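What follows draws every value from the coordinates through simple rules; no lab data is involved. As the structure is a prediction and not an experimental result, all values here were calculated from the model. Positions of Cβ are generated from backbone atoms using ideal geometry, with glycine treated the same way; all protein chains shown enter the neighbour counts.
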Amino acid sequence: MRSLYCNITRRVDYGLPRELWVVEAGIFLNYLGWGAVLPFEVIYLHDARGFGLGVSGLVVGVVTLVAVAAAPVVGPVIDRVGARTTAAAAGIALAVGYAGLAFVHTPAQAFAAAAVAGIGNGALQPSQSALLASLSRREIRHRSTAVSRVAANLGVGLGAALGGLVAARGLNGFVALFLANAVSYLLYVAILVLAVREEARPEPLPGGYRLLLRDGAFVRLALTNVAVIAVGWGVFTWVVPPYASGQVGVGSELIGLLLLANALTVVLAQIPVARLAEGRRRASIMATGSFAFVPACLLVLAAGYLELGAAEAALLAAVVVVGVGECFHTTALMPLVADLAPPAVRGRYMAATGLSWWLGLALAPTLGTQLLSVSAPATMLVAAAVALGAAFSALALERHVPEAARLTPRPAAQSS
């Protein structure tokens, strides 16, 4: 009986310690709040506050631009004061920024609030990744990453669904959404401060970002990640919806369902993919993710030449395939970064990875929409080519990665 109880417990807790589950719950909360406002930021500023559409888009863009600028700066901060403290400060900045957006009346006020939120955004991802790495034994880091992805996608999906109901109430509903998002960040901060211990910090290591730039394996990994994120996340978030609307003729309702299908795919597939990756080569796992984006792009391209019903099925299949590809990529990415990084400069490595992520997200809507305005078919062919190149780049990375970091560990509890 005791043996049966222990086996069930291991399966339920996925081998993660209680402290990690507490952090994962906090991640779910802050993505629940963010998901509630994400689809409505431009709509709120334009419709409820009366800003021009271009100005509204620029305000939302400031969050990303400031995050790009903040990411390299926050790396040394994580290494000096700790990931938990930095993540808590990022949560406070995000709470202040989004609470400020709830009460803006002029574009200047909106830009100021967006800049504060952007600082928090740029600091949160690398500090959170560093915190998960520091709280995880090496052999379960891919599992903690998988659970955080499930928590984030589930939070965004549920948040967007709930946000749509609240936003229907007009200005008061929008204000409530932004304030609820701010509260979700404060709850996340409270969880970090009250329930998570401050991680041990090693002695400072001289060299800082110079050490990172001399790490050929990491530089190749970061550059590959820019391409992967640009296609797998950026194109399918910002380019495929206008392609589906303009070339295929689908309505906004289906576009919303496509985004939901992608999120649900990640929720359902991420942990099985993480289990599948155990004992296998990380370069191959990442390449599998990028290879999956190639047929997904071609399915989107084909949708432009099919009857509406078949086109909708092709688009649905594409976003599901992309979701599975995302699971493969993220299962290997952050644990590999953690293995490559000396503990004393892990914050810098995570910040540089975050920067590569933000750059990929910035490139897709910037270049992809420009190409889309010239040739919609060429846009998806270029995206497929970039994904294919990223896959071969991931495979080539294998020989540059230290032998000890090439495989996703197989936890001892699983192999026994």
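Return the Rg/Rh value of segment 208-410, two decimal places, where both radii are evaluated on C-alpha atoms and Rh is the Kirkwood radius. Computed over Cα atoms, the ratio is 1.00. For segment 196-210, the residues whose amide N sits under 15 Å from a probe point set 7 Å from the Cα of Arg80 along the beta carbon direction are 204-209. Using 0.36 nm per residue and subtracting the Cα-Cα separation, the extra length available between Leu158 and Ala313 on full extension is 53.4 nm. A simple spin-label model places pseudo-atoms 7 Å from Cα toward Cβ; at Glu198 and Phe103 they are separated by 3.2 nm.
The residues packed around Ser134, meaning those with a beta-carbon under 12 Å from its beta-carbon, carry a net charge of +3 if Lys and Arg are +1 and Asp and Glu are -1.
Extension gain for Val374 to Ala412 (0.36 nm times residue separation, less C-alpha to C-alpha distance): 8.3 nm. If the segment from Glu403 to Leu298 were pulled out straight at 0.36 nm per residue, it would be longer than the present Cα-Cα gap by 34.3 nm.
Derived from the Cα gyration tensor, the three semi-axes of the equivalent ellipsoid of segment 80-136 are 27, 8, 8 Å, largest first.
Counting Lys and Arg as +1 and Asp and Glu as -1, what is the net charge of the other residues whose Cβ lies under 15 Å from the Cβ of Val193? Net charge in that neighbourhood comes out at -1. Fewest-first ordering of His329, His400, His142 by other beta carbons within 10 Å of each residue's beta carbon gives His400, His329, His142.
What number, rounded to the nearest 500 deg cm²/dmol, is the helix-based mean residue ellipticity at 222 nm of the chain, given -39500 (n - 2.57) per DSSP H run of at least four residues and division by all its residues?
When only DSSP H runs of four or more count, the value is -26000 deg cm²/dmol.
For Leu407, the residues 5 or more places off, or on other chains, whose built amide H falls under 5 Å of its own are Arg282. Label-to-label distance for Phe111 and Thr366 is 1.8 nm, based on points extended 7 Å past Cα in the beta-carbon direction.
Applying the Karplus relation 6.51 cos²θ - 1.76 cosθ + 1.60 with θ = phi - 60° to segment 202-208 yields 3J(HN,Hα) values of x, 4, x, 10, x, x, x Hz, where x marks Gly and Pro. The simple Förster model, with R0 at 41 Å and r as the Cβ-Cβ distance, assigns Leu260 and Leu223 a FRET efficiency of 0.85. Annotation: the residues Trp357, Trp34, sorted from fewest to most other C-beta atoms within 10 Å of their own C-beta, follow the order Trp34, Trp357. Taking all Cα-Cα distances within segment 1-197, those exceeding 25 Å account for 39%.
Rg then Dmax, both in Å and based on the Cα atoms of the chain: 20.9, 67.
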